[in-house]
Structure formats: structure tokens, C-alpha cells
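To keep things clear, I will list the structure first and then write my remarks on it.
The values are calculated or read from the model by the stated rules, or taken from the named source; none is laboratory data. Every value quoted in this text rests on a predicted model; they were computed, and no experiment measured them. Because the Cβ atoms are built from the backbone with ideal geometry, glycine has one as well, and the counts that use them run over all protein chains shown. Surface accessibility is based on the protein's heavy atoms, side chains included, excluding ligands, DNA and RNA. Shrake-Rupley method; radii C 1.70, N 1.55, O 1.52, S 1.80 Å.
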Number of protein chains: 2
Amino acid sequence: MLHRTICGRNEEDFFQELIRFHGFAAPGLVLGGFLVDWARELVGADVEFDAIVETTHCLPDVVQLFTPCTVGNGWMKVLDWDKFAVSLYDRRKLTGYRVWLDLGKLRSFPHLYNWYMQLVPKKDLPLDVLHEAILNAGRAPLSACSITVTRHYERHKKKKIAVCPQCGEAYTASQGLKCPACQGKGYYEASILV
Amino acid sequence: MLHRTICGRNEEDFFQELIRFHGFAAPGLVLGGFLVDWARELVGADVEFDAIVETTHCLPDVVQLFTPCTVGNGWMKVLDWDKFAVSLYDRRKLTGYRVWLDLGKLRSFPHLYNWYMQLVPKKDLPLDVLHEAILNAGRAPLSACSITVTRHYERHKKKKIAVCPQCGEAYTASQGLKCPACQGKGYYEASILV
């Protein structure tokens, strides 16, 4: 088998880590493992890289588990495009690689194509069938190219802090005279103070 | 000491997991541990909960490490408000708890107050001083209240897929006739196909 390890783990450890973090080994995670594995290899071991992920589904968790980039450390940005692609790039030079699921290549893997394109009901493609298809396919349904990053590379540094005159909590001053919640963007009704 | 464990881990394991995932034990992570710990306790062990985090800095990583909620499984939403607060809520009943850093209470902890409000240069507050102050303070600088969630509770399900006529990649059909990148929202210049 071409890929005896995925993201530097043997298959069993790879699956264990996915399940522990994400709750279960969703097919998108396993497939994502091959994207991240290839992107890491292309960008090289000595490069300090940032990540841009083009979907909120599954793939961000693979990046967070198997690269140093997370939401909370600011090295991973997530675009809500629902494209199954990830870019890793040198955070100083802004050069790197994008790896994506290539539909033209995916057609050679009917189970995977039918799953990804939502052509058959979920119950007709059990998880173990999909896992096996993804592991057997490896990098074959993927493509990669070198890129120069032109947007979304800004570091997300903490900005000047203000205290909201209404709720008394701290927020970023640049957001306005009140915090977003007190501006009416809140997502909750508060009741009893604990 | 009141909190011998944080998020179900002893102190050493807690720090180890933070460092492994995030790269280093940023003060915001350690403080975040107490928010998540309290929110989990309030929401109860038997409740299937979702999370809403009100900052992109540090706190999302604590939630992802010490609750079942991640970006990639859709159970955690991140608001870019820079408010140090997290809500955990029953995903069916939409009731739960919000825990936040309470500036009124934080004033009793000068090192923490000065750090969070950016009142002293970073070099004057070494990491070990901050860690100790945070661990000693525990939940004392926090407040919590029960909430009903009124927004952002929608499940982020995969929507109908289309194939972009320009790049040939799959994307969510509702985004338009072309994928976001081919609409001009792209973040990279591609060069050599690998």
C-alpha cells in the first residue's frame, strides 16, 4: 500500500485521534487526512506555515489535529465555501500549496463520487465501505498546485480593548461604541445569574 | 485548592494537552479552562450541548479540547466579538449557560486585570506569573447566567452541491452560479500544477 502512514500516524492511531476529537471517523475526515498529508509534504518540514481551509465541514478538524494550525492560535482560517480544499503556505513568503478534491479524478472511484456528490442515500453507503474506498484511493482523487496567497493572510492580532458602557464587558473597541451583543447582535436571552 | 482538576484533567495533563494542540499554554487558554469547566458543570453531564464562543482568540481551542464540540463537527460556533465568554446549551431545548470574564471581579486580581486590559507590556508579565495568578484565581473572576439561545443555533448541514462551470470543483449551489473563488473572492494565484 502506498500510504502506510497518514499525517505521520499509522492507520489505527489516525482513526483514534479523529474519533477522540470529532466524535466519529466521518468519511470527510479520513479523506481530509490525505489532503493534509500531501499539503504538509509539499510545503516541507522546515516551513512555518498557516492554513486556509475552504469548508467548515470536517476538514478544519483534520488541519487542527495534524498541523500546528488551530482556530484559537490564529494559524488556521476557515472559509465557508464548501469546497473540499486546503492551502498551507509559508506565513512570511506567502507561497505554498493548495490541495483539493478533483472531481475529474474522483469519477474513477464510484463509491466516493456518489458519496461526495450526494447521489445515493447515506444508508446505502455504510461507513466501512467508504473508509475502505478512501484508504484504497489515497491521493489518487486529489490534485495540488503551488500558490501565492493574496488575501486572508493577515495575522489576527488582538486589537485595542474597550469596556462596553451597557454590559460592562470587554470587547474590541473598533466594533463600535457598544459591544456587538449590546448593539443588538446578541444570540441569547439571559435570565438567572448563577 | 478549590479546583484540583480543570476540565476533568489534573493540572499537568491539562497543560500538556493545551501545549500539544495550541503550541504553547497561552494565558487565555488556562483562563479559558475555568470558563469551560464551569459551563460544563452547569449544563450537566447528560445533556447533548452545542457551544458558542465569543472570541476567535484561544477560547475556541479550549472548547474543542475539553468538550465534544469542534469547528469541523459543527457543534461549536465562533463569533468574532473579542468577548471572553462561552455558552454551552442543550441543542434541542436551546437552554443553557453563558460564562464570562467579569471585569468587575477581575479588578481584584491586578496581574490578570493588567494583562487582559493590555495595561502593561507583555515582557513585564511573564507567563509563569500569569499562569499562577490564573490558577489561584480559579472561577473567582468569572460570572455565569442561564440563557435561552435565540440565534446561531441552526445546524450547519451540508446543502445541495453544484459543480462550478469555471474551475470544475464542487461547491454549495446556493452560493451562486460559480464557486466563490471564480466569483472573484479567491485568496490565491495558482501557478504550477504539482
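Its DSSP H runs of at least 4 residues, each contributing -39,500 (n - 2.57), put the calculated 222 nm mean residue ellipticity of chain A at -9000 deg cm²/dmol, to the nearest 500. Given the options A:178, A:158, A:123, which has the most mean-square fluctuation in a GNM of chain A, springs set between C-alpha atoms less than 10 angstrom apart? Answer for the Gaussian network model of chain A: A:178. Label positions at residue A:159 and residue B:152, each projected 7 Å from the Cα along the C-beta direction, are separated by 1.7 nm.
Legend: mean number of C-beta atoms from other chains within 10 angstrom of residue C-beta atoms, peptide A:63-70, equals 4. Remark: accessible area buried at the B-A interface is about 6200 Å², both chains counted, probe radius 1.4 Å.
Would you mind counting up the charge near residue A:56? Only other residues with Cβ under 13 Å from its Cβ, with Lys and Arg at +1 and Asp and Glu at -1.
+2
Against chain B, whose longest principal axis comes from its Cα atoms, helix B:27-43 is set at around 90 degrees.
Between the alpha-carbon centres of region B:90-150 and region B:159-173 there is a gap of 43 Å. Rg and Dmax of the protein assembly as shown, both derived from C-alpha coordinates alone, stand at 21.5, 64 Å. Taking every protein chain into account, the 1.4 Å probe leaves residue B:41 with about 120 Å² of accessible area, to the nearest ten.
Beta bridges per DSSP, both residues in region B:35-162: antiparallel share near 85 percent. Computed from Cα positions, the angle between helix A:127-137 and the longest principal axis of chain A comes to roughly 70 degrees. Residue and distance for the chain A Cβ closest to the axis that moves A onto B, in whole Å, come to A:71, 3. Taking Cβ atoms as reference points and 9 Å as the exclusive limit, the residues near residue B:172 contribute a net charge of +2, counting Lys and Arg as +1 and Asp and Glu as -1. Quick one: label points 7 angstrom along Cα→Cβ at residue A:19, distances to the other copies in nm, smallest first? Label-point separations across copies, in nm and ascending: 2.9.
Computed from the C-alpha gyration tensor, the three semi-axes of the ellipsoid equivalent to region A:10-88 are 18, 15, 12 Å, from longest to shortest. Taking chain A, how much of its Cα-Cα pair set, in percent, is spaced more than 31 angstrom apart? Taking all Cα-Cα pairs of chain A, the fraction more than 31 Å apart is 31 percent.
What percentage of the solvent-accessible surface of chain A, computed with a 1.4 Å probe over protein heavy atoms, is contributed by carbon and sulfur atoms?
53 percent
In the context of the full set of protein chains, residues of region A:127-194 present 54 Å² of accessible surface per residue (probe radius 1.4 Å, heavy atoms only).
Let a ≥ b ≥ c be the square roots of the eigenvalues of the Cα gyration tensor of region A:35-78; is it rounded (a/c under 1.5), or, if not, prolate (a/b larger than b/c) or oblate? Taking the square roots of the gyration eigenvalues as a ≥ b ≥ c, region A:35-78 is oblate.
Placing a pseudo-label 7 Å from each Cα along the Cα-to-Cβ vector at residue A:47 and residue B:124 gives an inter-label distance of 4.1 nm. For region A:37-121, the per residue solvent-accessible surface stands at 37 Å², with DNA, RNA and ligands left out and a 1.4 Å probe.
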